1. Between Ile95 and Leu117, what length in nm is gained on full extension when 0.36 nm per residue of separation is reduced by their alpha carbon distance?
2. Quick one: which of 20-29, 153-162 comes out on top by average Cβ neighbours within 10 Å, and what's the full order, highest first?
3. Considering only Ile7, Leu117, Trp187, whose Cα is most displaced toward the positive end of the charge dipole of the chain, charges sitting on Cβ of Lys, Arg (+1) and Asp, Glu (-1)?
4. In the chain, what % of DSSP beta bridges are antiparallel (nearest 5)?
5. What is the distance in Å between the Cα centroid of the stretch 117-187 and that of the stretch 22-86?
6. Taking the simple approach of a point 7 Å from Cα along Cα-to-Cβ for both Lys88 and His234, what is their distance in nm?
7. Under 5 Å between amide H atoms, partner at least 5 residues away or on a different chain: which partners does Gln161 have, H built in plane at 1.01 Å?
8. Just to be sure I understand the model, the point goes 7 Å from the Cα along the line to the Cβ. What's the resulting Thr216 to Lys61 distance in nm?
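Each value in this text was obtained by applying a stated rule to the coordinates, not by laboratory testing. Only a predicted model underlies this, so the values are computations on that prediction, with no experimental measurement involved. So basically every Cβ, Gly included, is an ideal-geometry build from the backbone, and we count neighbours across all protein chains shown.
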Amino acid sequence: MGLVDDIMAAADARKIAERGKLAYMGNEWSPVWDHNPDITKVKTPGCISVGNRVGHRPYIKGATNEAIIYNENHRPEPGVIVLSDAEKAWARQQIAPGYILVEPHIKGSFSGNKAWLWPRWMELAKHFPVVQCKAPNKRPLPGARVIETESVRHAFALLAQAKLVITTDGAMHHAAAALGVPAVVLWGARTHPKILGYESHENIYTGQGESCGMMTACNHCREAMRKITVNMVHDAARRLLD
C-alpha cells in the first residue's frame, strides 16, 4: 500500500468502528495506522476486513501499461491519523504552531507528471515564510525553514500544527484532510480533484474536465502544471488564511 491508500483506508475503518467492530487491514501494517484504536494488527473474531486494498482501489476503474483509468464517481472521505502525545510534543519542540507547510516533492513513480516547476516553488517561498519537512534524499527548498523528519509520523506531527499546507496531489493533501488542516492543492490535469480531492481545500485544477492518469512522461500533464502560476497559488492561500 502507498500512504495515500493507507490514509483513505482509515476512513473505511472509521465506518466499521461506528458499527462497533474493529477493522483489519491485512498482513502489512502502515505507520499511518499507528495509535488508531479502530484498526487491529491481528485478525480477530468479529473484526471486519477493509475492502480498500491492493487490487481493489475504489477510485480506480482499470489501468493500461501507461495510465490509471479513474472511477469518475469516486468521492473521498477524510481519513484518520491519530498522533501520540510524544509525536505532538516532538513537533512543538521543532517550531511553534501556526506556520505554512509546503511539500514540493512528488512520489517518484509518476514520471514528474504531478510536479510543479521548482523555480515557482522558490518564488512562492518569497511570498510566505514557509516550512518544509526534509526527509532523507529530498531536496531542500531555498527560502524555506527546513526541519528534518526521520519518519512519516514526524511529518504528520508537523502538518497537524500548521495553519496551512501547500502541496501537490499526494499523501500530504490526504493527510491534511485527515488532520483538519486547510490546504492548497496543485492538480494540473492528471487527476481531477473531484475524484481524489476534498471540497474543504483550495484545489487548483487547470484541465478541461479530463483525468488522463498517465504514469509515463506526459506533455499534457506537464503543460497543465505549467499553467499554474505563483499568483494563482498565492491567491488561493490568501483565501484560506484571510
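1. Details: separation 22, 0.36 × 22 = 7.92 nm, distance 2.74 nm.
Result for the pair: 5.2 nm of gain on full extension.
2. Numbers: 20-29: 14.6, 153-162: 22.1.
Averaged packing, sorted descending, gives the order 153-162, 20-29.
3. The residue sitting farthest along the positive end of the dipole is Leu117.
4. Around 20 percent of the beta bridges assigned by DSSP in the chain are antiparallel ones.
5. 23 Å
6. Once both label points are built, they end up 3.6 nm from each other.
7. Correct list: empty.
8. Spacing of the two 7 Å Cα→Cβ label points: 2.2 nm.
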